[in-house]
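Have a look at the structure below before the remarks.
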Amino acid sequence: MPRDWDAHYSGPDPIDFTPTPLLVEVAEMLPPGRALDLACGPGRHALYLASLGWHVTAVDASSAAIRILRQRVEGLTIDARVADLERGEFTIAPAAYDLICDFYYLQRDLFPQIREGVHPGGVFAGAIHLAGQKQHSFVLQPGELREEFAGWKILYYSETDAARIIARRA
């Protein structure tokens, strides 16, 4: 059963806006440019990148999450959009981004658009849960994320509870 993300982000639990360490590492190695944050939630990564001077497009299907993000963008360059990626409500323009990040969101049929959306020399950074004891469609198999970026320069890759990658497009 799909999770009700609007209810989740409207709930009483505090929201953690701390960026994932992998994204911090990527941001330290790249000059600011255009970034795309897929399934951004309330925008912890978009806010971090924008605070460093990036022009960020942040996309999420949850209107509650995007509302939270929009409340925090004052003075930052973030284009926050409500769009359901699974329904194709947002198209990644070819070679449009210096950085595309995807943290803990898996939509396998989006990988070709992601690869095409990073311009040559640009970077993809992501972390996606790996299959464990319980199998379901929102987890990767070991080695699967690395395979999605075959032919790219893999700058970092690890697999623990999640597959984590930093890959540069040739």
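The values are calculated or read from the model by the stated rules, or taken from the named source; none is laboratory data. Note that the coordinates shown come from a computational prediction; the quantities given were computed from them, not determined experimentally. Cβ: placed from backbone, ideal geometry, glycine included. Neighbour counts: every protein chain shown. Just so you know, the surface numbers come from the protein's heavy atoms only, side chains and all, with ligands and any DNA or RNA stripped out. Shrake-Rupley method; radii C 1.70, N 1.55, O 1.52, S 1.80 Å.
Listing for the model above:
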read-out	value
Taking only Cα atoms of segment 1-123, radius of gyration then Dmax in Å	13.8, 42
Förster radius 25 Å - calculated FRET efficiency between residue 16 and residue 55 (Cβ-Cβ, nearest 0.05)	0.55
Whole-percent carbon and sulfur share, accessible surface of segment 26-137, 1.4 Å	48 percent
Added length on full extension, which subtracts the Cα-Cα distance from 0.36 nm per residue, residue 107 to residue 89	5.1 nm
Per residue accessible area of the chain, 1.4 Å probe, in Å²	51 Å²
Efficiency of FRET between residue 67 and residue 158 - r from beta-carbon atoms, R0 41 angstrom, step 0.05	0.75
Interchain or long-range residues, amide H under 5 Å from residue 40's placed H	59, 60
Label-zone membership for segment 10-37, site residue 138, 7 angstrom Cα→C-beta point, backbone N under 20 Å	10-18, 20, 37
